[in-house]
1. With the requirement that a residue be within 12 Å of another protein chain (Cβ to nearest Cβ) and of a type outside the set (Gly, Ala, Ser), what does the stretch A:138-149 give you?
2. I need the helices (runs of 4 or more DSSP H) fully contained in the stretch C:113-231, keeping only those with at least 3 residues that are within 14 Å of chain B (Cβ to nearest Cβ).
3. I'd like to check something: does the stretch B:334-346 contain any residue that is modelled with pLDDT of 80 or more, at negative phi and in contact with a Ser or Thr (Cβ under 7 Å, 6 or more places away or on another chain)?
4. Look at the stretch B:33-65 and say how many of its residues are part of a loop (DSSP other than H, G, I, E, B) and either facing chain A (nearest Cβ under 9 Å) or of a type in the set (Asp, Glu) (or both).
5. Residue check, residue B:30 against (1) open to solvent by 10 Å² or more (accessible area, probe 1.4 Å); (2) over 29 Å from residue B:204 (Cα atoms); (3) within 12 Å of chain A (Cβ to nearest Cβ), all met but one. Which one?
6. Quick check on the stretch A:44-51. Is at least one of its residues surrounded by fewer than 21 Cβ atoms within 10 Å (Cβ to Cβ), part of a helix (DSSP H, G or I), touching a helix residue (DSSP H, G or I) at 6+ places or on another chain (Cβ under 7 Å) and on the phi < 0 side of the Ramachandran plot?
7. Output the number of residues of the stretch C:1-42 satisfying the condition of being open to solvent by less than 20 Å² (accessible area, probe 1.4 Å) and closer than 18 Å to residue C:116 by Cα.
8. (1) under 22 Å from the mean Cα position of the chain (by Cα); (2) open to solvent by less than 40 Å² (accessible area, probe 1.4 Å); (3) among the hydrophobic types (A, V, I, L, M, F, W, C); (4) facing chain B (nearest Cβ under 7 Å): which one isn't true of residue A:34, the others all being true?
Amino acid sequence: MDKLIKIGGWLHRRAENVAVAMLVVMFAAFIVQIASRYLFNLPVGGASELTITMWLWVVLWGAAFVLRETDEIRFDVVYGSVGPRARRVMTLLASAGLLILYGYSLPAVWDYVTFMKVQKSSYLDIRYDWLYSIYIIFAVAVLIRYLWIFICAVRGRGLSELQRGDGQT
Amino acid sequence: MSLTDPFTLSILSIVLLCILGLPIGHAMIASSILYLMLAGLDMGTAAEQLLNGMFSSYILLAVPLFIVAAELMNAGSMTLRLLAFCNAFVGRFPGGLALVNVVQSIVFAGMSGSAIADAAGAGKLMQKMMTEGGKYPPAFAAALTASTAVIGPIIPPSIPMVIYALVSDASIGFLFLAGVVPGLLMGLVQAVIVVFSARRRNFPVEKPVPLRELPRVTLDAFPALMMPVVLLGGIYGGATTPTEAAAIAALYALLISAFLYRSITLSSAYASLLSSARTTTSIGMLIAGALVFNYVVTVENIPSTLSAWLTGFDLSPLAFLLLVNAVLLILGCLLEGTTILLIIVPVLIPTANALGIDMVHFGVVCVVNIMLGLITPPYGLLLFVMTNISGCSLRRIVREVLPFLMALLVALLLITVLPGLSLWLPRQFGYSG
Amino acid sequence: QDKTKLRFSAVFSEQDIRADMMKQLAGVVGDQFEMEIYYGGTLFKQTTEIIAIQRGNLEMGNVAPQDIATQIPAFSILTSAYLFRDAAHMRAFFASEAGAEMKAMAEDQLGIHILGPTYFGTRQVGLNIDKQITTPADMSGVKLRMPGGDAWQFLGQSLGANPTPMAYAEVYTGLQTGAIDGQDNPLPNVENMKFYEVMKQIVLTSHLVGYDLLVISKKVWDALSEDQRTAFQAAADAAIDWSQAEHLKREQELAAFFEEKGLKLSTPDTDAFRVFAQQQYLDSDIAKDWPEGMLDRINAM
Ligand code: NA
Ligand code: NA
């Protein structure tokens, strides 16, 4: 079990590395685009496409692998003011809802993303099914993550990292 | 509309999943999928709307770029120097640091186009400074940081105004200018509340910075103070567009911190980029959720229904504007700002036009409303951000934010009934409206 | 019997002339079809409508020929500079045998039936600098904003300019600040977006006859009876004709309006521009995908 957590921690840090790399690429491509336009009067369309691709990827990648439960933006008025038993039930219901809806729609999502192979991006000529494959990665990762949360809630264990009530107590 | 129709059920689902504590972005996506499923539509559309929406919203790139800029300013002590500068001038008054918080937001508004970036960047530091050694109650500091951050997008540059220009065809240049006076007014009313609270609650005064120190503090902050000049000079003087200004801001912060202040290391740069990536993701997921839910709202023809309802009243321009305020404030409690700008405001524009309301003035009114939505419970993005930063519960922050919200509502009322507040400055620059 | 539901998505706003065109069409076919019209790209974003039709999530759209070209490269000929002389030439092409061949291509490969081209104005160069423009050589070094994408950038290059991509919403500030020297749009867009406030002159290059294609899902189209199709096509033609006439009228009014606002309007040597532009295309990889002899057939019309 300890080893599993260790490996998980290592993977999480690598996921963070990737997210930071995406952000750096986005920023750098943007600067290159501005510089080449203003300094050399030579616009680089590929750079702007890379920028927007990284924006899409960093958000979905981050949501899949980088965000910790405490980083999520949620409406915690009720959740923060009830006891641990009620929290467990709420977590159970919320993750069940997500699992059913994301899970049930997964084939349709797969169908859409793979359909996009008919188009290529306008500068870098990347096929859209590749550009958009991040959504599949995102959906599957979120499903696995919420399955884990659901199981923890059922067993009533491992929920400590999910505690996110009143930070002052 | 019955309780079993897909739209009602999807709305109920959002409310329920949010209350149960699911992250808001996921709640909106999941509930949109529920709608598509019940309405017998292609569920792949959820992915389609999210992906195409994110991929075509070039303007939204300003959001992560401004976040990176703010993080780099913090990591590289630019923010600290700026805060020291603000402190040297207003710290000596009762509630000194709280006033610094107000002035800080006005100064930073000239560099940043996003309220979230202000709260997550300089706001984070203000929160730390105000609560260090128990000077101010954390919830008060968080509430003040949230409510001052709304000034960010009123004073140019401004992401919401760019989006408004997109849906209204109003001129971005004049819109930006129109925000200056209202932004200062919003700072002023908040300063008034701070002074009153300081008297009543006995907030501390900062040790006055001696007059002979002022030149040094100013010089120290000078490169940071040049940021608005670089930015707005860039936009108005002929170098960059508003989105590009965000990237320039980040680059400027990086260069100043690395080479002039020499206060940034590789590891602190990595840490601030990671933090930027987290913030970008959290906020990006909210936008993603709104993009998907937009589809549901559009399919259900909510905009045209609302438009028909509004024209049914046969209102005077002022009454219409007041009604718009009410509608946007209520929606602001429930929806995210970009969603409102992209879905609701276009519905109001034809009516406003027909009533002869100036489109630039209308834009300022709409954007101020949407910014107030960021601090109105239960759905207030800035409140969530500050919950995250301060560790205080939403409940406590909401209680402390109320006086500031009231003051800002007074400012909103003035901005609504006195178009001159918005239009005076653009007119000095040749606006004919 | 239930009416056939037709969801239509377009990028233009409800205030646009083409919105009235769609309302006209919806009215005429209203006894058999229930049209749900979504404006401003609110249902499906610009460039994504074709995929939505292909996947059965949309029945009708007003799509750019450029979007068809992303899936059928041969269509790029219909997006090239100085192909059509004016709206009438463009309409004549789509009514011709050659036009039918192109339309069949879209029908077979994408499953969309083209009802007709919807004219929205001819693209003209608008500049915020004083430079006199007569030939493509005068455009050298001019930072001309063009829409994003290789095809559009090439169009700018074929005018002799330095094309620069920039989001549509940023063009106003771009012109105001001098980040760009100019933009190319039809005159109604220049008025809509208030670009004229920050421009000094308009060069009437007429380099691209702007039109979209009113399309309907082939599946839906094939399911109609012969009579229904004839009636629908007639209604579409009438609406398209009306909209085109309105646009031509509007362009004339706007030319006068911009002069009144102090802008300088000039007509360059369009023949010099035409020769230069067509040569640029023929020398490039883009023309390799063009149907054999199509350019000559169009030029001869
Ligand atoms: Na502040
Ligand atoms: Na709110």
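1. Scanning the stretch A:138-149 gives A:138, A:142, A:143, A:145, A:146, A:149.
2. Because the criterion is at least 3 residues that are within 14 Å of chain B (Cβ to nearest Cβ), the helices (runs of 4 or more DSSP H) in the stretch C:113-231 that meet it are C:171-177, C:187-192.
3. no
4. 3
5. Here residue B:30 clears every test but (1).
6. yes
7. Qualifying residue count, the stretch C:1-42: 10.
8. Only one criterion in (1) under 22 Å from the mean Cα position of the chain (by Cα); (2) open to solvent by less than 40 Å² (accessible area, probe 1.4 Å); (3) among the hydrophobic types (A, V, I, L, M, F, W, C); (4) facing chain B (nearest Cβ under 7 Å) is unmet by residue A:34, namely (1).
The values are calculated or read from the model by the stated rules, or taken from the named source; none is laboratory data. It should be emphasised that the depicted structure is a prediction, and the values quoted were computed from it without experimental measurement. Methodologically, a virtual Cβ is constructed for each residue, glycine included, from the backbone with ideal geometry; neighbour enumeration extends over all protein chains shown. All accessible areas refer to the heavy atoms of the entire protein, side chains included, with ligands and DNA or RNA removed. Shrake-Rupley method; radii C 1.70, N 1.55, O 1.52, S 1.80 Å.
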